[in-house]
Structure formats: C-alpha cells, structure tokens
1. Can you find even one residue in the stretch 59-68 that is of a type in the set (D, E, K, R), closer than 22 Å to Val161 by Cβ, in contact (Cβ under 8 Å) with a residue 40 or more places away in the chain and open to solvent by 100 Å² or more (accessible area, probe 1.4 Å)?
2. Have a look at Val74, Val81 and point out the one that is assigned to a strand (DSSP E or B), open to solvent by 30 Å² or more (accessible area, probe 1.4 Å) and without any contact (Cβ under 8 Å) to a residue 24 or more places away in the chain.
3. Give the residues of the stretch 90-110 that are among the hydrophobic types (A, V, I, L, M, F, W, C), crowded, with 18+ Cβ neighbours inside 10 Å and outside any strand (DSSP E or B), sorted by residue number.
4. Every residue in the stretch 111-155 that is small (Gly, Ala, Ser), open to solvent by 20 Å² or more (accessible area, probe 1.4 Å) and under 26 Å from Val100 (Cβ atoms), please.
5. Only residues that are surrounded by fewer than 12 Cβ atoms within 10 Å (Cβ to Cβ) and either out of contact with any strand residue (DSSP E or B) (no Cβ under 9 Å at 6 or more places or on another chain) or not in a loop (DSSP other than H, G, I, E, B) (or both): list them for the stretch 38-58, please.
Amino acid sequence: MPFLFSSSSHRRDDTVVVRRRRALARRLTVAFCAGLSVWLILQCVMSLVERSPVVVASVSISRGTAIGFDDMTVEQVPASVVTESAFHTTEDATELIAQVDIAKGEPIMRSMASKTPVIGTDQTAVEVTLASSTTTLMPGRHVRLVAADRVLAESALVLAVPDRGSGESDGLLSGKAESETVTIALTADEAMAVLAAQQEGPVLAVTIATEVEPDPTVPPE
C-alpha cells in the first residue's frame, strides 16, 4: 500500500507540472499572438500612409550659391500637397542656384532654386565692376546696366556674383571705398560699351522686375 500511495502521489505531481507548463505555454502563445497582431496592425496603418522622397539640405546653403550634390540628402516623408512642390531626387537640384537661404534640415522646394544661367551663342561673359550694391543680385536674373548719361545694356543676364560668405559690400554708393565685380552675359556691342563706360565713370545695375504672366481667364481691357 505505501508503494501504491507513493506512485499515485508522483502521478498527481506530474500532472500538476504538466498543467502548469501547458498554462505557461498558452500564456506565452497568447502574448506572442497579441504582439504579432499589434505589429501587423501597425504595418497596415503605415502602408495606408503614402510616403514620398523629399530632398533635404544636409548643410546650410546661402542664397546665391550653387547647390552641390553633397549639400543634400533624401528622406522619406508622408506625402502631401507641400511635398509635391519639393525636389524628389538630388540630381534634379544639383548645380541649381539657391534663391533664398536654406537652413540645414529644411526641405528644398522647387521655388527655392533655379537653373544655372547659360551664356547665349551671341554673348560673352564680362566682369563688370559695379558702383551699386550687389546684395540683391542673383545668378539667372536680368539687370539693366546704366552709366551717367546712357543705358549700356537693357536686359543683361547675371552669371555670377561675389561670394557673400567673405563679407558683403554695398558698392561705392554706400560711401565705402570699394566696389564689387559681377560676371554678366553681354552681346559684343554691349560688352564694348560697358568696358568703355567703366573707364569714364561708375556703372550701375538696376534689377528688372519679373514680368507676370497674364491670366488667360481674364479678358484684356
């Protein structure tokens, strides 16, 4: 009888251990399934949010400087109306001219950069020493070059401006005894007139306002 009692006790102990192990296994299985369900739900939610590549400035880019390939990186962000106006690849923005100061980490919008100006076939690049301020001049913009008594060039394309990182100058008209040289695309006749005018007196650059395209839905007056 003691032997039978001992065997029965061992069986009961084994049964309790098995039950506990099964209960633990069930709890672990339930926890795993719950975690997997949460992960799958998050994946479904993330898949519903469309993401778009956006070019972001990896360094601070000064207004008027060419944007280099190493100045940018591409990040995936939720798609929106705003991201549609941004550059999506670094190749699209490389060598463009920054039209505004772009802070590090800021998305580069298409309105922030324009194409590097190109000299026309009937033009030449001339370094013009200006007496007027160059701080508002931008590569790719057009200016009117004037002397004291005449217009030297009605619409001249600005190719390059002084490096503003080394200190800005306001030209001779500000009272400072220094002027700055700007590279401008001119025709042969305009170039000869400008070079001659520089020997006689100061040359000024006047920014030409950008023409606004007429609204086709508005009838002419």
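1. So the first thing to find is which residues in the stretch 59-68 are of a type in the set (D, E, K, R), and the list is 63.
With the extra rule that they be closer than 22 Å to Val161 by Cβ, the set shrinks to 63.
Going one step further and asking which of them are in contact (Cβ under 8 Å) with a residue 40 or more places away in the chain, we end up with 63.
From what's left, open to solvent by 100 Å² or more (accessible area, probe 1.4 Å): none.
No, because not a single residue in the stretch 59-68 is of a type in the set (D, E, K, R), closer than 22 Å to Val161 by Cβ, in contact (Cβ under 8 Å) with a residue 40 or more places away in the chain and open to solvent by 100 Å² or more (accessible area, probe 1.4 Å).
2. Numbers: Val81 fails: assigned to a strand (DSSP E or B).
Exactly one residue qualifies, and that residue is Val74.
3. Correct list: Ala93, Leu96, Ile108.
4. Applying the first criterion (small (Gly, Ala, Ser)) to the stretch 111-155 yields 111, 113-114, 120, 125, 131-133, 140, 147-148, 153, 155.
Narrowing further to those that are open to solvent by 20 Å² or more (accessible area, probe 1.4 Å): 111, 114, 120, 125, 133, 140, 147-148, 155.
Scanning the stretch 111-155 gives Ser111, Ser114, Ala125, Ser133, Gly140, Ser155.
5. Applying the first criterion (surrounded by fewer than 12 Cβ atoms within 10 Å (Cβ to Cβ)) to the stretch 38-58 yields 38-50.
If the condition is that a residue be surrounded by fewer than 12 Cβ atoms within 10 Å (Cβ to Cβ) and either out of contact with any strand residue (DSSP E or B) (no Cβ under 9 Å at 6 or more places or on another chain) or not in a loop (DSSP other than H, G, I, E, B) (or both), then Val38, Trp39, Leu40, Ile41, Leu42, Gln43, Cys44, Val45, Met46, Ser47, Leu48 are the ones that fit.
The values are calculated or read from the model by the stated rules, or taken from the named source; none is laboratory data. Everything numeric in this text was worked out from a predicted model, so none of it was measured. Heads up, the Cβs are rebuilt from the backbone with ideal geometry, glycines too, and the neighbour counts pull from every protein chain shown. To get the accessible areas, we keep the full protein, side chains included, count just its heavy atoms, and leave off ligands, DNA and RNA. Shrake-Rupley method; radii C 1.70, N 1.55, O 1.52, S 1.80 Å.
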